[in-house]
1. Of the conditions (1) surrounded by 23 or more Cβ atoms within 10 Å (Cβ to Cβ); (2) under 31 Å from the mean Cα position of the chain (by Cα); (3) of a type in the set (Gly, Ala, Ser), A:Gly873 clears all except one; give me its number.
2. Going by what's in this entry, would A:Val685 be described as of a type in the set (Val, Ile, Thr), more than 22 Å from A:Leu827 (Cβ to Cβ) and either under 22 Å from the mean Cα position of the chain (by Cα) or away from every other protein chain (no Cβ under 14 Å) (or both)?
3. Just one of the numbered conditions (1) surrounded by fewer than 24 Cβ atoms within 10 Å (Cβ to Cβ); (2) assigned to a helix (DSSP H, G or I) is not true of A:Thr474; which one?
4. Within region A:243-283, how many residues turn out to be outside any strand (DSSP E or B) and closer than 23 Å to A:Ala667 by Cβ?
5. Within region B:409-416, identify whether any single residue is at pLDDT 90 or above and either in contact with a strand residue (DSSP E or B) (Cβ under 8 Å, 6 or more places away or on another chain) or surrounded by fewer than 20 Cβ atoms within 10 Å (Cβ to Cβ) (or both), and answer yes or no.
6. Which condition from (1) within 30 Å of A:Asp599 (Cα to Cα); (2) surrounded by fewer than 18 Cβ atoms within 10 Å (Cβ to Cβ); (3) out of contact with any helix residue (DSSP H, G or I) (no Cβ under 9 Å at 6 or more places or on another chain) is the one that A:Pro184 breaks?
7. Report, ordered by the first and then the second residue, all pairs with beta carbons closer than 8 Å, sequence separation of six or more or different chains, a first member in region A:364-384 that is over 20 Å from A:Leu277 (Cα atoms), and a second member that is surrounded by fewer than 17 Cβ atoms within 10 Å (Cβ to Cβ) and not charged (D, E, K, R).
Amino acid sequence: MREQNRDHSSLAEGVLAPDPSPYDWEALRAKLGAATGRKYWRSLEELADSEGFRAFLEAEFPQQASVLNALGRRQFLQLMGASLGLAGLSACTKQPVEKIYPYAKSPEEFVPGQPLYFATALPLSGFGRGVLVESHMGRPTKVEGNPEHPSSLGATDIFAQADILTLYDPDRSQAVRFGGVIRPWTAFVDTAQREFERLGTKKGAGFRILTETVTSPTLAAEIRRLLAEWPEARWHHYEPVNRDHWHAGAKAAFGEVVDPVYRLEAADVVLCIEADLLGPHPGGVRYAREFSWRRHVEEGNGSRMNRLYVVEAAPSITGSVADHRLILRPTECEAFVRALAAALGLPVQTPASMEPHRAFVAAVAKDLARSRGRSLVVAGEALPPSVHALVCAVNSSLANIGKTVSFIDPVGQHPEPQGESLQALVADMDAGKVEVLLVLGGNPVYTAPADLRFAERLQKVPLRIRLGLYEDETSQLCHWHLPEAHVLESWGDVRAHDGTVTLIQPLIAPLYDGKSALEVLAAFSSKPTLTGYEMVRQYWKSAWGDADFESRWRRALHDGVVPGSAAEVRTVSLRQDFFQGLRPLVASPPGLEIILRPDPTVYDGRYANNGWLQELPKPLTKLTWDNVAYLAPATAARLGLRNGDVVEVVAEDRRVKAPVWIQPGQAPDTVLLHWGYGRPKAGRVGGGIGVDAFKLSSSRGHWGMPGGELRKTGDRYRLACTQDHFSLEGRDILRKGTLEEYRHNPSLAPHGHGGGGHGELPSMYPGFPYTGHAWAMSIDLAACIGCGACTIACVAENNIAVVGKDQVARGREMHWIRVDRYYEGNLDGPEFVHQPIPCQQCENAPCELVCPVNATVHSAEGLNDMVYNRCVGTKYCANNCPYKVRRFNFYLYQDWYTESLKLLRNPDVSVRSRGVMEKCTYCVQRINAVRIQAKREGRKIRDGEILTACQQVCPTEAIVFGDMNDPESRVAKLRKLPRTYQLLEELNTRPRTTYLAAVRNPNPELVTGKDHA
Amino acid sequence: MSAPARDLGPIIGPGHTFETVTDKIAAVVLSETRKGWMLGFGISFVLLTIFLQCVAVLFVRGIGIWGINIPVGWGFDIINFVWWIGIGHAGTLISAILLLFRQTWRTSINRFAEAMTLFAVACAGLYPILHLGRPWLFYWLLPYPNAMGMWPNFRSPLMWDVFAVSTYATVSALFWFVGLIPDLATLRDRSTSRVGRIIYGILAMGWRGSARHWNRYETAYLLLAGLSTPLVVSVHSVVSFDFAVGIIPGWHATIFPPYFVAGAIYAGFAMVLTLTIPLRRYYGLEDFITMRHINYMARVMLATGLVVAYGYLMEIFMAWYSGNPFESFMVKNRLTGPYSTLYAALIVTNVVIPQLLWFQRVRTNIPLLFAVAMSINVGMWLERYVIIVVSLHRDFLPSSWGMYAGTIYDYGTFIGTIGLFLTLLFLFIRLLPMISIFEMRTLLPEAKVKEKHA
């Protein structure tokens, strides 16, 4: 077997290798799986002793297949001698002369040291989110939201922030490979051209393209061009987070497939059913912002405040900020919607199973009905089509359509449901009908439902070509692997959740000669050397016409949106016979229900190798670096399980072993697992960590299924959680109240505490007169949804190191701003509150006093400055910080050696070394940049001109920064609100960071029945 | 003191003359190396190499090898620092304060206790350097003139520590060395080897025992004693400021200075006993370090132990009396939190067991006394663990609470400094007279008779 593998000559000639991976992947996975039993897959090295692993390594790195074994000692020495001799020779050759030149003519607007911003878009699940990318001397360093883009409005989600790390990820695939051997791009083009000619003779029969969701007009046109040329070829698309159920539901309700666009701004009452509307999805940032617009408590004394009901099984970001949260299993949701529809007077039966929730349903229905045309009901993608159809009917009956929800033609360009599309492909592969498969992006070997046995069937395809950012699981099973250009390296276009088009422009030339999907497709055309740039321009030239093209093009690139490209709103109406066609309700089956969802930080696994996202605590559990089996406290108690106990989750014949995490507020008898982990080939960061939840999925229920089983294994597993303690211990740390309470007591301070936190404790010393600027920050807990975007934006802005699971487990994570999450109320249905904690920038800073070397000192503007160069690392400041916001470099956490990561760093922020304390600086580099700018222009710094990284990214505008000495500044005004309080005010640290108490808007009719809250 | 002195026996065994005292003590240094010493020194040296290994790894990799984290930024490093500093205290107390109070019984243990002080301070002094994130920059804590015009932060207790500990080390070393000079001259005169004569000769600084020498010696010694006296109180008070100045519940308490000083003397005497008991037995020095000495030391331990116990009690009382919820939680957490076992062990070893010292029979029972002293050694270490770790691990915001446990390097470094301490101690025993010869001679009846005549 080894011989076959090393026989590259036959591969190089284009003769298909028998099989580049003769090692049974399934068996290897099984082996890896079996290893999870005892210790999990802490590292692949653990397996290194096994024969299978060695074989795997050799297949993986054929060049490294043991030379010594094949060669005799004599030959080896000869070779060594020869190579040494050759090495010596090279010294005699003259090195080529390479002249470097300074910029004789500087590029336009290019000032060394000054960043430039370029508008582009970053896709998530195919949908673009408009961004502005900061570029320093030609290298992108930071992603910001594009205020003009409808999905962004200036904010971004965590993925957009982390994309910049993926760009520079040293693990990205860096070469075209055929059977594991590096080949030039032209070799692939030759193969593609040969296939193009061969397949052209039979109308493309046997040619298949597999993509993820495609919204790009150019790419879709390009694929359609190919399909038009080759009518026998087919285009398949699949990714696990898809809208199949929604589309099927819309079709059932309206008779046509449409995409929804919500307008939360117009909704007084919102009901989310198993829908994480504010969470990680293409429109999430926009919706979160619209939601927060309706959470401004002070406006009209709260009269504009909306009310959010959430019905869900496991707490999501949306559920965590809900005013009322009803805990139901996904399979019970349909019964709930029917009960709601019935309560709203629609011709449906109230299912008996909803009897216990009668009061809740009635109250919600009443609230919704009261707000006709100003309410909104949303169901999550995971729920079956029947629920979506019913929700459409409910929205229709509430006259919400066109007001709080409008419908547009599907933004995705491929009309076929993704699940069916993939199944068709698998069936054809199995039947041997596929000759050439072009996998453009995605990672179907990993993400395809387990029962499709995609990997096995894939290997029946004679020529498999893969374009991917990483040489991942799918690349392993393909003949050709083509390195994909990162979106920040390539030209393209993409549509947003509402259809708005953004032209994607590269910020940097491909670091590793990557190619975009467009360029790969071009290889299968008569013009194989066409570049992405030419193709995108060609498409838009044909769309816009030649007239005025250049100025339109430039304008679109500059703005980051193509004006007027948002999809037109479709008028849809509920089918007349909708209620007649309603099928009887399928009762929720008893027993354990398995729920599968994208991971809150690594999504469906595409971000598995992104250290920032791995280390970002999951919004509700604060776990890092792992996925777990989430259980309700009651279920865990029944099974006698503790956090970290390893269980086997069984669904039919599929099973995985996962550590348990008990999640208060989860539905009993459910087990939630997130996708995105357990990837053997994710890279050095994400490889082999966690559990592959896709192994549980099936094509019939890839979002989860009832009838699961849990088996205790008796093993334990160490998890890295950044917040071990979730109770407030009765301390006045978090102020929170209902709108009703706010109206009576606007400070929301607990009894016995002075209102507002404006009183100052007496001091023997005169205070420091802050006569210039006095920087301050206000964080609105009523707006914060706990998404974690601030943390990751801070990581990106301030060159914060990733420390790894072991260090996190030891309590050494480096995040400068953390989001604390506390539970309130009972274990089974608690309320959640999020509290972002950056450095409080105390005026009486306990840390400054104790530093023996003056490494942390106060600025005249009230900043608590950290002088890295002066720090010797006594850690005294961290000990004495009551907020514990200081972070210490216990080791050399920063990667000082990886070349690609050097490009990533923000040049305005020091890269810290070992043994140094660090912490939030209020983004002092941004303050100074604006200060210099203002000084040059001879004016004062305007309010809102300085945005801290956390403020800029925040989807809900919960963080406001500014000069509190300027009475007109937003922060000064916010600090005067009665809701303002200082954290641990009694310590007299006089923090510059203040909080606004959280306000919820519960339905007075439900407040007495607290069990739903 | 005369009445109890009769009860407790003499401070020097009967039948000794100037010559026998000198012979007996100098013999330890001047005779052949004994096997037991070799064994003890060997073991200590092995422990010392553990220390060197741990420090080597520390310097190469960083202080991440220890168990510290956020929120517990100090662990074994500062626990051990305070523990060693505390141990050092008995030496100064015995040499300086007891000298000024003319407690002649101190004579037979002061040299030894001073040496112990010095070595303990050496061990303690290492930790503040080792615990730095960037130990190579430790000198930044010193106020030295530099081109950057940077000064240390004089408001920081750690800065005060630098002065307190370095002053303490300097004065202790001086005091010890000055006290050694007459004995070094004795060794010079008695040494049979040329090398010994040269080295002891240089160290003796030309001591000839003339009346003028004695006069100057007495003056210098008394002055140094006067200088050291405030140090007994100041050093550990300053160390306690490291905590008392902090705002962490469990640290921020005004009782800390006296409570720390008492604890230090308590720990110091326990350590003196721990070392004296085996040594006097091994080298047959029961005549010089008599039951009376041991009894006195036990009494000092009892008294200081009670002050320490009072400190514990006051912490609990003030937590309740102040009505500060953070303080009361801190006490509750000590009593019932995850480290409650350690707190219970602290109370048992440091408060309950030492109550045995009320009994004369315990104070004169050598093995039992040794056990009590060991218990206090452990207890005082636990006390610092409780103060540092247990206070830090759960402070104000429950979200940032964490846990702490020492790693193998923490233990290795701790054991290693014990090795360093013992190595130095064994070298001291072998190379210098562990009991002050000339001072012992003044205790003899012969000396007294002459005085009376004069």
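The values are calculated or read from the model by the stated rules, or taken from the named source; none is laboratory data. Every value quoted in this text rests on a predicted model; they were computed, and no experiment measured them. Neighbour counts are summed over all protein chains in view; Cβ atoms, including those assigned to glycine, are modelled from backbone coordinates with ideal geometry.
1. Condition (2) is where A:Gly873 drops out.
2. It is true that A:Val685 is of a type in the set (Val, Ile, Thr), more than 22 Å from A:Leu827 (Cβ to Cβ) and either under 22 Å from the mean Cα position of the chain (by Cα) or away from every other protein chain (no Cβ under 14 Å) (or both).
3. All conditions pass for A:Thr474, except number (1).
4. 11
5. Looking for residues that are at pLDDT 90 or above and either in contact with a strand residue (DSSP E or B) (Cβ under 8 Å, 6 or more places away or on another chain) or surrounded by fewer than 20 Cβ atoms within 10 Å (Cβ to Cβ) (or both), one finds at least one in region B:409-416, hence yes.
6. (1)
7. Final answer for the pair search is A:Arg372/A:Ala399.
Let's see how each residue does on (1) within 14 Å of another protein chain (Cβ to nearest Cβ); (2) part of a helix (DSSP H, G or I):
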| site | (1), (2) |
| --- | --- |
| B:Met148 | yes, no |
| B:Pro152 | yes, no |
| B:Arg155 | yes, no |
| B:Ser166 | yes, yes |
| B:Leu174 | no, yes |
| B:Leu184 | no, yes |
| B:Asp189 | no, yes |
| B:Gly201 | no, yes |
